[in-house]
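The values are calculated or read from the model by the stated rules, or taken from the named source; none is laboratory data. Just so it is clear, the structure is predicted and the values come from calculations on it, not from any experiment. Reconstructed Cβ throughout: ideal geometry from the backbone, glycine too, with neighbour counts over all protein chains shown. All accessible areas refer to the heavy atoms of the entire protein, side chains included, with ligands and DNA or RNA removed. Shrake-Rupley method; radii C 1.70, N 1.55, O 1.52, S 1.80 Å.
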Amino acid sequence: MSESNVTSRRSGVPLWAQVLVWIGLLGLLTVVALGLRRTQQGTVQPGETIPDFTLTLFSGYEYEGRNEIKFSEFRGKVVVINFWASWCKPCEQEAVELESAWRTYQKSGQVIFLGIDYVDTEPEARGYLTKFEITYPNGPDLGTRISQFFRIKGVPETYFIDRDGKLAYVQVGPFRSEEEIHAIITPLLNK
Amino acid sequence: MKKKLAVLILLLIASLVWVGSANAQDTTPPTDDEVNAIAKQLFCPVCENTPLDVCPTEACKQWRDLIRLKLSEGWTEEQIKQYFVDQYGARVLAEPPRQGWYWLIYIVPVALLLVGLYILFRAYQTMRAPLAEQPAETHAPTGLPDEYLRRIEEELKKRN
């Protein structure tokens with residue numbers, strides 16, 4: 001009896017099955033590791049370049065008459081992205097401040113505010129926008145693709161992106177005053 | 001002539017009443033059971049691991065209201081589920097769709113089970129095989145085990 005035969009009879013499992021099991025196990029561990037890493041990463045971090053994404057806008061909340069915008073078209077401007085939802089009570093605390101700040105910068109054309117409605121229903125979202133007289137472009141996070149990219153942990157969360165398309169600051173939770181918003185935007189405008 | 005006119009008016013009234021009753025049937029609001037039948041097939045991303053039909057949050061309540069609204073508008077179950085997938089992604093479905101990468105969810109566990117069963121079967125075969133062949137090997141005229149046995153027997157004879 002040759003040595004190879006003895007080895008194969010001892011193991012009892014053909015080589016291809018052993019390889020398959022190890023590959024499967026490694027694949028499973030990789031998936032788990034990636035998931036854990038993503039969970040621990042938190043939101044996107046300041047300094048990271050924000051890749052392009054498309055946002056479909058609610059009717060009545062379009063940007064320059066268009067109901068679909070690309071993030072890349074705002075390169076050269078400071079972009080403020082606010083994730084919100086109509087069922088989110090803390091979002092209501094900052095809604096007025098955000099709208100007021102938007103009105104301050106709107107005419108300059110140097111700053112753009114974008115509202116992204118997270119896991120919401122359109123009738124309630126519209127009610128929210130009307131209630132707080134919000135005028136800046138707003139749209140639903142279709143397929144939760146944008147929030148998954150930003151890895152948001154909840155709402156409200158607000159992301160300030162500089163003129164080069166790099167994330168400058170993340171506000172987790174609501175703003176307590178309009179001054180807080182200005183204090184973040186002003187240095188980005190002066191940069 | 002008057003009779004014909006009266007009959008015509010009566011027919012008109014009867015048809016209006018019939019249409020009215022038909023409309024009333026169409027606008028019957030969906031029951032909670034009808035709403036929950038769809039809701040239990042969905043999961044809100046905000047409240048992971050809680051089916052929509054029993055989730056107590058405001059977001060889930062809004063989703064159930066939306067299902068009720070869509071049902072009252074005559075949408076079918078499939079149309080409503082597809083609407084939620086389009087809005088919030090396929091992860092809201094309790095049962096992932098059988099398409100694309102989602103097939104892995106259905107195939108991988110079955111494949112792993114089959115591989116596991118095969119490994120167990122082979123291991124069982126291996127455990128049984130040496131027992132059957134052992135006597136033949138024990139009486140083999142040559143080889144290291146026999147040499148050991150011979151020496152052990154010699155040692156035992158010396159001691160006795």
- request: Kindly express, to the nearest 10 degrees and within the range 0 to 90, the angle between helix A:122-131's C-alpha long axis and the longest C-alpha principal axis of chain A.
  value: 30 degrees
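In Å², what does the accessible area per residue of segment B:18-97 work out to with a 1.4 Å probe?
Working: 4450 Å² over 80 residues.
With the other protein chains kept in place, segment B:18-97 gives 56 Å² per residue.
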- line: Ordered by number, the residues of segment A:76-98 that have at least 40 Å² less accessible area in the complete protein assembly than on their own chain alone (1.4 Å probe) are A:Trp87
- prompt: Roughly how many Å is it from the Cα centre of segment A:17-32 to that of segment A:46-74, as a whole number?
  reply: 40 Å
- request: Calculate how many DSSP beta bridges within segment A:1-137 are antiparallel, expressed in % of all such bridges and rounded to the nearest 5.
  value: 35 percent
- prompt: Rounded to two decimals, what is Rg over Rh for segment B:18-97 when you use alpha-carbon atoms and the Kirkwood radius?
  reply: 1.04
task: Go through A:170-178, A:81-89 and give me the packing order, highest mean Cβ count within 10 Å leading.
output: A:81-89, A:170-178
- line: Ignoring ligands and nucleic acids, A:Asp120 exposes an accessible area, probe 1.4 Å, in Å² to the nearest 10, of 10 Å²
message: If you fit an axis through the alpha-carbon atoms of helix A:89-106 and take the longest principal axis of the Cα set of chain A, what angle between them do you get, 0 to 90°, nearest 10?
response: 60 degrees
- request: Eight or more residues apart or on different chains, and alpha-carbon atoms under 19 Å: count the Lys pairs in chain A matching that.
  value: 7
query: Per q in 0.20, 0.21 1/Å, what log10 I(q)/I(0) does a Debye calculation on the alpha-carbon atoms of segment A:56-188 return?
result: -1.28, -1.45
- prompt: Which whole-number percent gives the relative contact order of chain A, counting Cα pairs below 8 Å spaced six or more residues apart?
  reply: 27 percent
message: Report the B-A buried area as the accessible area lost on both sides summed, probe 1.4 Å, in Å² to the nearest 100.
response: 1800 Å²
